[in-house]
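Below is one structure, written out as structure tokens; comments come after it.
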């Protein structure tokens with residue numbers, strides 16, 4: 001059994017598989033509006049999630065992977081999961097994770113693009129879900145193929161692909177429990193659902209933020225009234241809502257005020273942020289599509305990295321009670337409802353923070369208004385355990401081999417509930433969290449794209465890490 005990977009041969013297999021097999025499958029996948037159950041409450045009847053799973057299942061069954069079992073597992077009333085089990089030729093188990101459900105359409109796509117309209121433009125495959133992260137199942141299996149093609153030892157690989165991630169993975173714990181005996185105790189978890197600071201090297205995600213999300217409702221009237229008659233007597237509900245938000249956020253710079261939503265930033269993460277800032281520079285903020293003349297609240301790249309990874313941040317992502325401009329008469333509206341998304345530091349308990357947020361907004365309602373904060377979603381972030389030396393070496397070696405540059409480490413501002421769940425379930429496991437969501441890739445927004453060269457290189461890097469894992473123990477009998 002070989003222990004070293006022939007780089008040129010592996011590169012040829014990866015490139016050929018992506019060109020001839022993966023890209024056609026991803027193109028078909030993008031056409032499927034497999035919106036997560038939070039955005040498609042009738043997902044079972046619409047059949048789109050099932051169609052996405054069926055596509056991935058067919059592709060997996062067509063791959064020449066020795067000993068692999070492929071199964072779609074269904075628990076009653078829950079979104080399905082795709083489970084692949086590949087026997088190892090070395091000791092140990094690695095769990096590889098991805099998802100097939102998608103965010104909703106979002107407005108603002110270019111005229112020649114759309115969420116369910118795959119477009120290949122240069123190195124970019126546009127369309128919803130390709131990078132976030134429909135490619136994961138294809139890349140994971142191809143990485144194993146690259147090892148088997150050369151007879152390189154690899155651990156047992158369990159590939160778990162869910163369809164509820166964009167809704168907070170609320171179905172996944174039930175599958176983890178039901179499949180516990182089959183999954184076993186992985187020593188390494190690989191997740192390809194994260195981001196990258198650039199497309200030039202391998203990026204290791206060291207933390208993910210949590211979230212407290214809900215709807216703030218402020219009611220002052222039983223019904224709308226003439227603003228000329230009531231203005232100056234009846235407070236505007238939007239002004240009252242704005243005042244409540246000032247309890248939470250500084251309007252001047254977006255800083256979150258209560259200590260309950262803050263956390264101490266570990267020294268190691270500050271050092272990694274400084275190193276990442278030295279590589280990315282102004283790219284930390286220039287990757288975002290600011291309108292001409294606009295920019296962030298500050299321009300220090302290191303502090304901006306910490307702002308988006310270890311500090312809380314508020315966004316108002318939706319509103320109700322506000323008529324469209326075309327039908328906005330001179331009426332003082334009875335209520336304003338705002339959807340709040342509060343990103344939390346990785347080590348802040350999401351449930352406790354959501355309770356604190358509810359208390360902060362509902363206590364002492366201004367002008368006796370009817371104020372409610374209805375919780376929609378609370379989740380705790382994730383902070384990676386220290387890397388063992390073998391994995392640190394393997395990540396750097398893989399980055400040099402497949403990208404030609406050293407690996408970098410940085411937190412991400414998004415949330416992957418699965419990681420916190422797995423961190424609790426497998427406290428001794430190591431984690432390789434990475435992804436292809438780099439500059440302008442715009443996950444969840446318009447013109448989302450997969451940077452195909454990065455996805456190819458990442459496929460090879462995963463193969464290298466799997467081989468390094470196998471080298472830690474003896475070859476299986």
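Values quoted throughout were computed directly from the atomic coordinates according to the rules given, and no laboratory measurement underlies them. These figures come from a predicted structure and were not determined experimentally. Quick reminder, even Gly has a Cβ in these numbers, built from the backbone with ideal geometry, and neighbours come from all protein chains shown.
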Share of alpha-carbon pairs per 10 Å distance bin for segment 342-384, given as whole %: 27, 43, 21, 7, 1
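Listed highest first by mean packing, meaning other Cβ atoms within 10 Å per residue, what order do 300-306, 267-273 come in?
Values: 300-306: 18.7, 267-273: 16.0.
Order by mean packing, descending: 300-306, 267-273.
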Between Rg and the Kirkwood Rh of segment 157-231, both from Cα atoms, what is the Rg to Rh ratio? 1.28
Beta carbons within 10 angstrom, averaged per residue: use that to sort the peptides 442-454, 121-133, highest first. 121-133, 442-454
Over segment 1-143, what is the mean sequence separation of C-alpha contacts under 8 Å (at least six apart), divided by residue count, expressed as relative contact order in percent? 27 percent
Any chance you could check the Cα centroid distance between segment 373-401 and segment 61-79 for me, in angstrom? 26 Å
If you bin the C-alpha pair distances of segment 381-436 every 5 Å from 0, what whole percents do you get? 4, 16, 26, 22, 18, 11, 2, 0
The chain, relative contact order in percent, only Cα pairs under 8 angstrom and at least six apart counted: 26 percent
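From the alpha carbon gyration tensor of the chain, can you work out the equivalent ellipsoid semi-axes (sqrt of 5 times each eigenvalue) and give them in Å, largest to smallest? Before the final figure, lay out the partial values.
Numbers: eigenvalues 353, 114, 93 Å².
For the chain, the semi-axes come out at 42, 24, 22 Å.
If you take every DSSP beta bridge fully contained in the chain, what fraction is antiparallel? Give it as a percent rounded to 5.
Numbers: 49 of 73 bridges.
In the chain, approximately 65 percent of DSSP beta bridges are antiparallel ones.
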At q = 0.17, 0.25 Å⁻¹, base-10 log of I(q)/I(0) for segment 126-194 (Debye sum, equal scatterers on each alpha carbon): -0.78, -1.26
Cα extents of segment 299-446 along the three principal axes, largest first (Å): 65, 35, 28
All-pairs alpha carbon distance profile, segment 195-340, 10 Å steps from 0, percent: 9, 29, 28, 19, 11, 4, 0
What's the ranking of 236-245, 463-472 by average number of surrounding C-beta atoms within 10 Å, highest first? 463-472, 236-245
For segment 1-38 and segment 258-274, write down the distance between their C-alpha centroids in whole Å. 36 Å
